[in-house]
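Have a look at the structure below before the remarks.
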Amino acid sequence: MTKNLIKGKTGPWEIVIGLEVHAQISSKSKLFSGSATEGDGGANSRVNFFDAGMPGMLPVVNSYCIDQAVRMGFGIHGKINKVSVFDRKNYFYPDLPSGYQISQFFYPIVTQGYINIDDETGPKRIGVTRIHMEQDAGKSQHDLDPSRTCIDLNRSGIALMEIVTEPDIRSVAQAVAVAKKIHTLAQYLDVCDGNMERGNFRIDANISLHRPDTAFGTRVEIKNLNSFRFMQAALNYEIDLHLETLESGGKISQETRLFDAAKGKTFTMRDKEDACDYRYFPDPDLNPVVLTEERIERLRQSLPELPDAKKERYKTDLGLSDYDATFLAEDRALGAFYEEALAYPDFPDKKAAPKLVAHWMMGDMAALMNKGDRASDALSLAPRTLAQLVHFIQDGTISGKIAKTVFEKLWEDPALSVVDIVKNMRLQQISDETELRTAIVKMLAEQQHNVAEYRNGKTSLFGFFVGQTMKIFQGKANPAKVNEILHQELDS
Amino acid sequence: MERDEWRKLSLLEAKRLLDSGQVGALELTNACIEAMEASRNLNIFITETPENARLQAQESEKKLKNKEGGVLEGIPLAIKDLYCTKNVRTTAGSKILENFVPPYESTVTQNLLDAGAVFLGKTNLDEFAMGSANITSFFGPVISPIRSTQNPEKSLVPGGSSGGSVAAVAAHIAFAATASDTGGSIRQPASFTGLVGIKPTYGLCSRYGMVAFASSLDQAGPVAKTVRDAALMLSVMASYDEKDSTSLKGNRPDYLKNLNPSAKKLRIGLPKECFENLSDELKVVLESSCQTLRDLGAEFVDISLSMLKYSLPCYYIIAPAEASSNLARYDGVRYGFRAENVGNIADLYAETRRLGFGKEVRRRIFIGTYVLSQGSYEAYYVMAQKVRSKIRQEFEETFQRVDVILTPTATCGAFGVEEGPKMSAVDMYLNDIFTVSANMVGIPGISIPAGTTQDGRPLGIQFLGARFSEQTLFNVSAAFEDATRLKN
């Protein structure tokens, strides 16, 4: 196995990273109450008596959230536990109304999974220890009033999923790949909207450094990373800090840190001394979650094709390269767009279509998406439109070069059709033999000197004649036909 | 019949008078309100709701006139102040909820309201139902309406934690009352005041809207003057409730309609552990009770419950553990009492809870926090749960051989209000020795009056049955009650 080591002044070090991802479960209502998860009624508008921790109020589990966690469990190839248990995590905080958070500590719903990633050393499998469900807390706002803290309980009780990996990650690049893969899977399975700006998908990273072939070092946890970029920056910063400390003979203290994105630095949130004793115990208000074989099977059947399987299919059945297959398979919306375009029934060359459509999506379309900062699931361009464009390229109606112009027009105004643009802009390729030959003969007659040189052996002039022809037809002449006619006229 | 005699009737007798129109619901309620106001020296009610009661009674009168009355139409009841009642203050006997007015109704009280019951008010209780003498309430102790014949000046405790509820029924203020039982809080006070009290199978009554003490042990139940009254009350109180995940699915039987007062061929287990070291007074009562049951055709089986001695210690690990977590919500942030002039949030918590909770509640929070903390959890909480399942197993095996188990309800009769605070916490906890097992195992237990001490303080006996054996318990209890009535 290739070791992902980093060089220090005093020798090599190995990085060990494990992630804990908190993903908000997509669901209309909260984990244990009927309150809505979305709405615009303002602060404390989506709070019922249970969410506010009123006396005598009891939790009733939202079985849809359980289904969602099971689906994610399949996504990470995990073991779905037929019996799991909700526990109480006890601590005091003003936005934690009951004085405890309901979570799954001892018996989580999913265990023993894994995900596949690729990095520069090749494919790698990262273990996923567990997925458990828990409630979110409310929000304390300290800046609304000069002397008081305001509390909004709209978030209180919303279902979260915590996905915990094994400490199998050996580089920052791998860590980012793992986080992205979990993000992709969650969105793929519709279990989380993946919105990181709103905090619906946030990452805690545990990191330590040690000498190769020795025991793991003391770890530090960086909490609440809400972008992949911040995560990368935080981990790199932390690695430098560890290196500096360890190489100068210092010791790492086990603590929890936060990342200041503005300064690009991590800082201490709380150290080990402040660590809470959460006094976990099974919540006596809730029965264990028991999943029947039928329910598990029904959920398994409801799964969409997962990225890994899709990627394999694109490679094997459609002949895409690993890179292309990964690009299209890992984004659910792009994959769907791709397959819808391929469903177009009238490709003149059906066999060549998958590669050609992929080529357009990965090239021009990806470039325009990047430029316009357009999300893959918010494309206005219809897959059928791209398919038509490919159709016209395949049957020679337009050239590849012209197609680029057409594509840009389509991107700007999705209401247009390929046919309209080609017609209106007179972009149609000219393949009519008589029309082409008449023009070529006339052009060659005007270029007698060059024709003579060509015939004397200066064959490099051929390109010049092609250019002259294209000039006449404003680039719309069918290049293959032009070549053919030119050869006939010059070489005969 | 004199107006003041009405309220001394049983619930079923009063129901007959109301249904036949011989007594008006408002008149009856007014008689009860007068009695409630005349008994304020006993400190039975934390909140009296006479205006609400009169409005409900007027409503009942209309329904009774139109023959549209529910099964409890116009019957005045008292409600333990642990049940949340919509727009009526609910304190749980604690300063921390002194001014708490819930915007919702508990399922059990809603069931009673739907059946036409009239609520006189909210009865006093040990703070958060933690106690066995009703002396830990922030609102002061309840004084039992029962007196010793030898020392009638002495104030006796009504038992706890449902002290106010039993006192209200024993003083003939209410025809029955709701109570709750976490370790014996229905049965021991029923025994102390000569009433019938049943703690049903765990999950039979909804816990929704009941202020939680220990979630896996808490159960609602009635206290009443007769077995039949209790059977009717429980039939109304019990229901499957989707708002309580631990509520048991299925319909609840009508225990009164199905009542078959009989002990014939009933196999009654006598656990030897419960008959050791009893007072002579209690022995006499138990012996005569057994004779009555034998005369009714019951068969006795000597049994041993070897795990029984572990019930109380395990109970005092599990109940405080759950309580320490259930009571964390009383933090002064959203509702209830909040300490003033504090520096930061940690002080707000500490001061609110130091001043808002009484000593017994704080003691149990400390115990519960300790047994759940890292390093103690396995040795205490996990071990107690393991033992609990062993106890459950032993009971299940025993119920293969016997139909019911007979024990005393409590070790003694009611003691003096002044004696309570002098008892050590452990001595006080020993009050629950015969009752806690039913909560630990989740089975029903009923306490019925069986006799008195020499100075006339009531003593009860307890029947325990397998899960869902409420009907059997009512049947044997009714047979016993009928037989003892004939004897007297």
Item checked: Residue list for the range A:289-305, restricted to those being surrounded by 14 or more Cβ atoms within 10 Å (Cβ to Cβ) and either closer than 30 Å to A:T10 by Cβ or within 14 Å of chain B (Cβ to nearest Cβ) (or both) -> A:V289
Note to self: Take the residues in the range B:237-260 that are within 14 Å of chain A (Cβ to nearest Cβ) and of a type in the set (K, R); name whichever of them is surrounded by the most Cβ atoms within 10 Å (Cβ to Cβ).
What the structure shows: B:K243
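Test B:D181 against the stated conditions and say whether it is touching a Ser or Thr at 6+ places or on another chain (Cβ under 9 Å) and under 27 Å from B:L286 (Cα atoms). It would help to see each step written out before you state the result.
Working: touching a Ser or Thr at 6+ places or on another chain (Cβ under 9 Å): yes; under 27 Å from B:L286 (Cα atoms): yes.
Yes, satisfied.
Name the helices (runs of 4 or more DSSP H) wholly inside the range B:340-417 in which the number of residues that are within 13 Å of chain A (Cβ to nearest Cβ) and closer than 30 Å to B:L270 by Cα is 1 or more.
Values: elements: B:345-356, B:359-372, B:383-401.
Counting at least 1 such residues, we get B:383-401.
Can you name the residue in the range B:422-436 that is in a helix (DSSP H, G or I) and free of Cβ contacts under 8 Å to residues at least 24 places away in the same chain and is also nearest to B:P320 (Cα to Cα) among such residues?
Among them, the one singled out is B:V426.
If I ask for residues that are among the hydrophobic types (A, V, I, L, M, F, W, C), surrounded by fewer than 17 Cβ atoms within 10 Å (Cβ to Cβ) and assigned to a loop (DSSP other than H, G, I, E, B), which ones from the range B:261-283 would you list? Let's see the steps before the verdict.
Taking the range B:261-283 and keeping what is among the hydrophobic types (A, V, I, L, M, F, W, C), we get B:263, B:266, B:268, B:270, B:274-275, B:278, B:282.
Adding the requirement that they be surrounded by fewer than 17 Cβ atoms within 10 Å (Cβ to Cβ) leaves B:275, B:278.
Within the range B:261-283, just B:L278 meets the criteria.
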Notebook entry, point to check: Quick check: is even one residue across the range B:186-196 of a type in the set (S, T, N, Q), under 27 Å from B:A466 (Cβ atoms) and either away from chain A (no Cβ under 14 Å) or in contact (Cβ under 8 Å) with a residue 40 or more places away in the chain (or both)?
Noted result: yes
Next item on the list: Please find, among B:L204, B:L234, the residue that is at pLDDT 95 or above, under 16 Å from B:K80 (Cα atoms) and more than 9 Å from every other protein chain (Cβ to nearest Cβ).
Entry: B:L234
Note to self: Condition first: over 17 Å from the mean Cα position of the chain (by Cα) and either aromatic (F, W, Y) or crowded, with 24+ Cβ neighbours inside 10 Å (or both). Now tell me which residues in the range B:133-155 satisfy that.
What the structure shows: B:F138, B:F139
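Which helices (runs of 4 or more DSSP H) does the range B:23-138 wholly contain that include 3 or more residues that are within 14 Å of chain A (Cβ to nearest Cβ) and within 30 Å of B:E322 (Cβ to Cβ)?
On the way: elements: B:25-38, B:50-65, B:107-114.
So the answer is B:107-114.
Check the range B:77-93 and report whether any residue there is of a type in the set (V, I, T), over 30 Å from A:G53 (Cβ atoms) and either within 19 Å of the chain's Cα centre (by Cα) or modelled with pLDDT of 95 or more (or both).
Within the range B:77-93, none of the residues are of a type in the set (V, I, T), over 30 Å from A:G53 (Cβ atoms) and either within 19 Å of the chain's Cα centre (by Cα) or modelled with pLDDT of 95 or more (or both).
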Check: From the list A:G363, A:G264, which one is away from every other protein chain (no Cβ under 14 Å), free of Cβ contacts under 8 Å to residues at least 40 places away in the same chain and at positive phi?
Finding: A:G264
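When you scan the range A:291-341, how many residues do you find that are in a helix (DSSP H, G or I), of a type in the set (A, V, I, L, M) and free of Cβ contacts under 8 Å to residues at least 60 places away in the same chain?
Initial filter on the range A:291-341 (in a helix (DSSP H, G or I)): A:293-301, A:307-316, A:322-329, A:332-341.
From the residues that got through so far, the ones that are of a type in the set (A, V, I, L, M) too are A:296, A:299, A:309, A:325, A:328-329, A:333-334, A:336, A:341.
Retained after the next criterion (residues that are free of Cβ contacts under 8 Å to residues at least 60 places away in the same chain): A:309, A:325, A:328-329, A:333-334, A:336, A:341.
Count: 8.
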Checklist line | Output for the range A:49-68, where each listed residue is within 11 Å of another protein chain (Cβ to nearest Cβ) and either farther than 17 Å from B:M210 by Cα or surrounded by fewer than 18 Cβ atoms within 10 Å (Cβ to Cβ) (or both) | finding: A:V61
Note to self: Return the residues of the range A:7-48 that are hydrophobic (A, V, I, L, M, F, W, C) and either free of Cβ contacts under 8 Å to residues at least 12 places away in the same chain or not assigned by TED's automatic domain parsing to the domain that holds A:R202 (or both); say none if nothing qualifies.
What the structure shows: A:A36
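Quick one: in the range B:439-486, of everything that is in a loop (DSSP other than H, G, I, E, B) and either small (G, A, S) or in contact with a strand residue (DSSP E or B) (Cβ under 9 Å, 6 or more places away or on another chain) (or both), which residue is surrounded by the fewest Cβ atoms within 10 Å (Cβ to Cβ)? Break it down into steps so the answer makes sense when it comes.
We begin by selecting, within the range B:439-486, every residue in a loop (DSSP other than H, G, I, E, B); these are B:442-444, B:453-457, B:466-469.
Adding the requirement that they be either small (G, A, S) or in contact with a strand residue (DSSP E or B) (Cβ under 9 Å, 6 or more places away or on another chain) (or both) leaves B:442-444, B:453, B:456-457, B:466, B:469.
Details: B:G442: 20, B:I443: 24, B:P444: 28, B:T453: 20, B:G456: 14, B:R457: 23, B:A466: 19, B:S469: 20.
Filtering first and then ranking leaves B:G456.
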Notebook entry, point to check: Condition test on B:L286, is it in contact (Cβ under 8 Å) with a residue 60 or more places away in the chain, within 12 Å of another protein chain (Cβ to nearest Cβ) and not in a loop (DSSP other than H, G, I, E, B)?
Noted result: no
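Working only within the range A:80-94, note down all residues that are in a loop (DSSP other than H, G, I, E, B) and more than 9 Å from chain B (Cβ to nearest Cβ). Quick ask: steps written out before the conclusion?
Keep residues of the range A:80-94 that are in a loop (DSSP other than H, G, I, E, B), which gives A:81-82, A:85-86, A:91-94.
Those that are in a loop (DSSP other than H, G, I, E, B) and more than 9 Å from chain B (Cβ to nearest Cβ): A:N81, A:K82, A:V85, A:F86.
Yes/no matrix, rows are residues, columns are (1) within 14 Å of another protein chain (Cβ to nearest Cβ); (2) within 32 Å of the chain's Cα centre (by Cα); (3) surrounded by fewer than 20 Cβ atoms within 10 Å (Cβ to Cβ); (4) not in a strand (DSSP E or B):
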| position | (1), (2), (3), (4) |
| --- | --- |
| A:S33 | yes, yes, no, yes |
| A:R46 | no, yes, no, yes |
| A:R71 | no, yes, no, yes |
| A:S98 | yes, no, no, yes |
Item checked: Identity of the residue in the range B:289-331, assigned to a loop (DSSP other than H, G, I, E, B) and either free of Cβ contacts under 8 Å to residues at least 24 places away in the same chain or hydroxyl-bearing (S, T, Y) (or both), that ends up farthest from the other protein chains (Cβ to nearest Cβ) -> B:S304
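Hey, which of the strands (runs of 3 or more DSSP E) in the range A:114-203, taking only ones fully inside, have at least 3 residues that are in contact (Cβ under 8 Å) with a residue 40 or more places away in the chain?
Numbers: elements: A:122-135, A:139-141, A:150-152, A:159-165.
Where strands (runs of 3 or more DSSP E) fall fully within the range A:114-203 and carry at least 3 residues being in contact (Cβ under 8 Å) with a residue 40 or more places away in the chain, they are A:122-135, A:150-152, A:159-165.
The values are calculated or read from the model by the stated rules, or taken from the named source; none is laboratory data. The structure displayed is predicted, hence computed values, not measured ones. No Cβ is skipped: glycine too gets one built from the backbone with ideal geometry, and neighbour counts run over all protein chains shown.
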